[in-house]
Amino acid sequence: MRSWQDECAIFGIWNHPEASRMVYLGLYALQHRGQEASGIVSLYEKMHLEHKGFGLVADVFQEEDLDRLKGTTAIGHNRYSTTGENQKFNIQPLKAVLFNGPVSLAHNGNIVNSHILRRELQAQGSIFQGTNDTEILLHLVSRNPSNDLIECLKAELPKLEGAYSMVMMSQTAMVGMRDPYGFRPLVLGKLKHDSGMSWVLASETCAFDLIGAEFVREIEPGEIFWCDENGAYTVNFAEKKTPRPCVFEYVYFARPDSRVFGKSVYEVRKELGRQLARENGVDADIVIPVPDSGVPAALGYSEASGIPFELGIIRNHYIGRTFIEPKQSIRSFGVKIKLNPQLAILKNKRVVVVDDSIVRGTTSKKIVGLIRQFGAKEVHMRIAAPPTISPCFYGVDTPKKNDLIAATTSLEEIREYIGADSLAYVSNEGLLKASQSETTKTFCDACFSETYPTPTYD
Ligand code: AMP
């Protein structure tokens, strides 16, 4: 049994006169990591005040909500997908009252042994409020006999298997934690202001840029970072493992203007495009991206191949969750609402179209069809990642293996299905080479290799 947590965003700030507003801005910058629901909890006179709701950050929080979230420390969370159960309780940060007062917790990742731990805890009398895996840590900490929260975390975190970057807030402290493999990113920043200095924790550095915080370092795999009025310190709760940060953060998930795992996401994507051109060149007139996810890779492809870059498809950025469809059918209506090809650019051209990944194949099929409809002579699909052959168990929302087109279908069959003249992906080695940095040499690439760093309990 899986309890999908999916990709999410976490953010926390300690010691800021406008803490909840800073969290709001941080979550705003991290909206791409979660659009289903959002929540903020602030610490005010030893109480944890909360506001949570379904929807985008800008819709969930109004001015008066943030006014009510008083206090100088606050944490927040954006939740990604609707695949989990849609209960209000599952919106994070989760709140509990433990032995030494209230604790709130926000989690990005997926705990793979959660079903086992949950059953054990229930057998011992724990009553769970929701269905998400994050709540398990609160129960584990609550049952620990120590009266020292950091001792509890040191003892209980090693029981969790899988992916977790977390931000926690107690009655006195803000805490950041990252699993021993470091699957999901978690960065530490510093913000100087008139009333002193704040520590900031965030999923990605783009959140620091918005509030003017300075990047300090990543929270290390297996590290607990703790800050309170006595200062900041670090505790390691696990033995060093070979790090396995998620390479898919580079491929698709993280914002291109973030630095994660020691490298600029934009630079990695551009290099993947160059690598794609080196590995899979083709004679063509123009290179176009599938916007927005394919843009940096298409720029890299164009640079390495010398084929001019064009914006052959324009994306409408103002799409709501639903729209009223016409009664009469319009050809390719569904995809055209979001992506509109440009006739003047595509007509009679041999086109290389670059996207970051193919999952089920439906997007690529529609896009290739659309480009042809607009007069392209040839369409060559290039993917800036290897074939997606395995589901993620560490927090990225992917379909089951059977629904991944590359898991069940040959390259030639996929090419035929999507209707392209040629189709090629970046090799696994090419992806690794483009992603490696001074500090990070090894990754989790299970979605492309089927090699999982932990048991998956599927
Ligand atoms: P598909 O139509 O199922 O092949 O999906 C491929 C498209 O989905 C690509 O354009 C990707 O940019 C995008 N994509 C890939 N992985 C994810 C994900 N985990 N969540 C949302 N979109 C994704």
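Relative to the longest principal axis of the Cα atoms of the chain, the long axis of helix 362-373 lies at roughly 30 degrees. Using the alpha-carbon atoms, what tilt in degrees (0 to 90, nearest 10) does helix 265-279 show relative to the longest principal axis of the chain? Result, in degrees: 30. Relative to one another, the C-alpha centroids of segment 133-200 and segment 226-301 are positioned 25 Å apart.
Its Cα centre serving as origin, segment 1-62 has a Cβ charge dipole (Lys and Arg +1, Asp and Glu -1) of approximately 100 debye. Of all segments of the chain bounded by chymotrypsin sites (Phe, Trp or Tyr not before Pro) found in a DSSP loop with no more than 13 other C-beta atoms within 10 Å, the longest spans 1-317.
Net length available on complete extension from residue 172 to residue 194 is 5.8 nm, with 0.36 nm assigned per residue and the Cα-Cα distance removed. Taking all protein chains together, 77, 115 sort by accessible area into 115, 77, largest first [probe 1.4 Å]. Taken about its Cα centre, segment 1-147 carries a charge dipole of roughly 420 debye when the Cβ of each Lys and Arg holds +1 and the Cβ of each Asp and Glu holds -1. Think of each Lys and Arg Cβ as +1 and each Asp and Glu Cβ as -1; about the Cα centre, that makes the dipole of the chain roughly 980 debye. Over all other residues within a Cβ to Cβ distance under 13 Å of residue 65, the charged ones net out to -1, with Lys and Arg as +1 and Asp and Glu as -1.
Among the trypsin sites (Lys or Arg not before Pro) within segment 300-337, those in coil by DSSP and having at most 14 neighbouring Cβ atoms inside 10 Å are 321, 327, 331. Considering only 73, 107, 232, the residue lying farthest towards the positive end of the dipole of the chain is 107, judged by Cα position with unit charges set on Cβ.
The values are calculated or read from the model by the stated rules, or taken from the named source; none is laboratory data. Please read these numbers as outputs of a predicted model, since none were measured by experiment. Counting neighbours? That spans all protein chains shown, and the Cβs are built from the backbone with ideal geometry, glycine included. Ligands, DNA and RNA are excluded from the accessible area calculation, which covers all protein heavy atoms including side chains. Shrake-Rupley method; radii C 1.70, N 1.55, O 1.52, S 1.80 Å.
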